Amino acid sequence: MLDLVVKNGKVYVDGSFRECDVGIKDGKFVLVGMSGTLPEAQRTIDATGKYVIPGGIDTHVHYRDPGHWERETFEVGSRAAAAGGCTTFFEHPISMPPQWKAEILQNRLDICTGKDSPANDRHEKGVCVDFCFYGAAGGQHPEAIEPLSHAGIVAYKTFLHDAPEGREQEFEGLTSANNDQLYRVLQEVKKTGLPLAAHAEDNELVTGFIKHLREEGRQGENIAHCLSRPPIVEIEAISKMLKFAKDVGCPIELVHVSSWEAMELAKQAKAEGQKVFVETCPHYLLLDESYVEKFGAYAKCNPALRKKEEVEKLWDYVLDGTVDFIGSDHSPYLVSEKDKLDKNGNKDIFLSPAGFPGIDLRLPLMLTEAKKGRVSMERVVELLCVNPAKCFNIYPQKGTISAGADADLVIVDMGHEHTFQAKDSYSQARDTMKVFEGWRLGCSVDYTVVRGRVVVENGVVDESAAGWGQMVTPNKKG
């Protein structure tokens, strides 16, 4: 007898949707067949009129655990992931400290799995969805980069700037602040065969622009954030990253690309045969700098939101295949941090941390755009579910509804339109989710299934699933 059958849904199989039934046993997909042909199951979910897609894989997530549990814990944050149809998240290294060596990674793993250890002194029960880890790579500990690859990470991450003021502990071993450090980091990562992801903003330009804006007394203006990080900041850094990576021969990932000219550089590099993965985020495709003017620090992110015409042109690279996957860049903070004032009690946009939550909105927002006809449903599934698994070498364990794969799936009702209200989010940082408040979403995530377990039912997360999540490691090469 099967454990679970999802019947009568429009199932994404081999690149297209077809009406069929899906059978699950022992946490794996075992059968995909014509409606009504599968054996009896202990439980059956009727997905008539709904879409069944592979579990979402979010390539860009920042939980703040350990070190800043008050912002968001792994346990709570994973509920937001599940509610948004994400069955596997990729955790980036910003933490206290970042995982630049295996011992630090093990501490974060203990928290994710609910293991009783000194690192898990809050006795968290663990996450309810699966997860992968990036490793930190920077100029401070280059000798530790290659050994970290043996701990099961899927990629490395570095920042092309100094640690933000006051956040040095969160960025230890994670920054390549000058050309010499970046080149050495690329050389070390190349030894592992894994890609190096780069937060690509030119450090000297950003520092200079902020200095000049402060001198002009403009730090109290919301738009000063965008002025301090114009597209050239990203374009220059991505140009350097592509050149250095090509010279070294290291595969790279360009995260949260926000400008079309940077996209064009990546597109040309790909056409020339360079191994480059490109990511963007829903907020760069849907929001423009007017949101920073309106919401201030609550719409502050790095890179900054762009002008409307830049946003529109970015879609060309989503549609032509330049963009490989879409991550949320989920970044939880406290309202008190977003509303931070200077020592004189005056507003200063540069003092507030950059980033806002979005792991539970990534899939609904993109499917809403598909419903509007801006992008196909199939392309959305490629970007949010299939390609992340393929690019990071966890396919076909993840990213597919086919026999032998982990039984991760999401059931979406494309007929259920509703208005997003931040108070309903599972994220611990829901109070900072102001930019999408009141947005009309064209669908609902009704069920999320992780390795055969129903973690979300009728939009409600099963909190007893805490600890169900497991770490996913890349397939062994060869």
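The values are calculated or read from the model by the stated rules, or taken from the named source; none is laboratory data. Computed from a predicted model, the values in this text were never measured in an experiment. When we count neighbours, we look across all protein chains shown, and the Cβ atoms used for this are built from the backbone with ideal geometry, even at glycine. Accessible surface is based on the protein model in full, side chains and every heavy atom, while ligands, DNA and RNA are left aside. Shrake-Rupley method; radii C 1.70, N 1.55, O 1.52, S 1.80 Å.
Quick notes on this structure:
- With protein chains left intact and a 1.4 Å probe, residues in segment 332-478 average 40 Å² of accessible area per residue.
- Estimated from helices alone, the mean residue ellipticity of the chain at 222 nm is -8000 deg cm²/dmol (sum of -39500 (n - 2.57) over DSSP H runs with n ≥ 4, per residue).
- Listed residue (V233, C20, T59) projecting farthest to the positive dipole end of the chain, Cβ model: C20
- Cα-based helix-to-principal-axis angle, 179-190 vs the chain, degrees rounded to 10: 20
- The chain: equivalent-ellipsoid semi-axes (sqrt of 5 x gyration tensor eigenvalues, Cα, Å): 34, 24, 23
- Note on segment 26-63 and segment 335-351: Cα centroid distance 46 Å, given to the nearest whole angstrom.
- Bridging of K308 to lysines at a Cα separation below 23 Å is possible for K267, K294, K300, K371, K372, K434, once same-chain residues fewer than 8 apart are set aside.
- Per residue, in Å², the accessible surface of segment 1-156 once ligands and nucleic acids are set aside, probe 1.4 Å: 34
- Crossing angle, helix 203-215 versus the chain [Cα axis fit, 0-90 degrees, rounded to tens]: 60
- Viscosity 0.890 mPa s, 25 °C: Kirkwood-radius Stokes-Einstein D of segment 1-100 over Cα pairs, µm²/s: 156
- Cut-off 11 Å between beta-carbons: net charge of the residues surrounding D247, Lys and Arg +1, Asp and Glu -1: +4
- A DSSP coil position with no more than 15 other Cβ atoms inside 10 Å describes the following GluC sites (Glu not before Pro) in segment 201-240: E216.
- Percent carbon-and-sulfur accessible area, the chain, ignoring ligands, DNA and RNA, probe 1.4 Å: 48
- In terms of the mean number of neighbouring beta-carbon atoms within 10 Å, the peptides 258-265, 134-141 order highest first as 134-141, 258-265.
- Where segment 202-322 is the region considered: accessible area per residue in Å², 1.4 Å probe: 40
- About the centre of its Cα atoms, the chain shows a dipole size close to 580 debye [charges on the beta carbon of Lys, Arg (+1) and Asp, Glu (-1) only; nearest 20 debye].
- The local environment of I326, defined by Cβ-Cβ distances under 12 Å, has a net charge of -4 under the rule Lys, Arg +1 and Asp, Glu -1.
- Separation between Cα centres of segment 441-478 and segment 164-227, rounded to whole Å: 34
- Segment 73-167: GluC sites (Glu not before Pro) falling in loop per DSSP and having at most 14 other Cβ within 10 Å: E165
- Options Q42, M96, A119, ranked by Cα towards positive dipole end of segment 3-147, top entry (Cβ charges): Q42
- This model, with +1 at the C-beta of Lys and Arg and -1 at the C-beta of Asp and Glu, gives segment 322-375 a dipole about its Cα centre of some 220 debye.
- Percent RCO, i.e. relative contact order, over segment 375-425, from Cα pairs under 8 Å lying at least 6 residues apart: 18
- Charge context of K191, other residues only, Cβ under 13 angstrom, K/R +1, D/E -1: -1
- For segment 323-478, the spherically averaged projection of the C-alpha convex hull amounts to 12.3 nm².
- When you work out D = kT/(6 pi eta Rh) for segment 78-185 at 37 °C and 0.692 mPa s, using the Kirkwood radius from C-alpha pairs as Rh and the Stokes-Einstein form, the result is 226 µm²/s.
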